[in-house]
């Protein structure tokens with residue numbers, strides 16, 4: 001009698017003989033902005049070289065958050081420079097494309113689960129490590145690299161902002177990584193050496 005009352009109060013219903021079906025994870029979609037003129041705000045903020053960026057990447061474990069990071073990264077770059085996408089490919093393909101380019105950089109983005117934090121292993125971590133590297137045309141030499149951490153609301157939350165760039169939304173993480181790429185390109189342009 002007491003068990004029946006507790007079940008009724010909790011509002012939970014136990015299904016008998018039915019298992020919820022897991023919907024398949026959709027393939028990541030890489031959204032690039034339409035090739036409009038760069039916004040005035042971005043043009044004023046940065047003096048960027050006249051190059052095109054080719055965005056390529058790898059996602060360790062496909063998830064909605066990882067896809068949102070990748071998309072926001074590509075969109076942010078496309079708001080300031082002409083951008084094309086190779087999509088999700090192996091690193092060797094990105095290097096091959098960089099060697100085939102005469103003046104355009106290939107920007108490589110890797111998104112991995114952040115499962116090792118402060119000496120602890122976090123199983124089924126929702127957090128992500130977002131790493132970028134900029135590959136030079138003709139040589140595929142890595143000219144710059146960096147990383148950003150995404151910590152979701154349900155994540156372990158063991159990283160702090162003192163030594164790491166930590167963002168709370170996937171879009172913020174993608175945009176922060178893209179801004180680092182754009183800052184490097186602006187620095188190279190200011191030095192008068194785009195390659």
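Of note:
- Available extension along the chain between residue 84 and residue 99 is 3.8 nm, counting 0.36 nm per residue and deducting the alpha carbon span.
- Segment residue 187-residue 47, extension gain: residue separation times 0.36 nm, minus the distance between their alpha carbons: 49.6 nm
- DSSP beta bridges in the stretch 51-190 [antiparallel fraction, %, rounded to 5]: 55
- Across the stretch 51-190, Cα pairs under 8 Å and at least six residues apart give a relative contact order of 26 percent.
Since every read-out is calculated from the coordinates, none of them should be taken as a lab result. Just so it is clear, the structure is predicted and the values come from calculations on it, not from any experiment.
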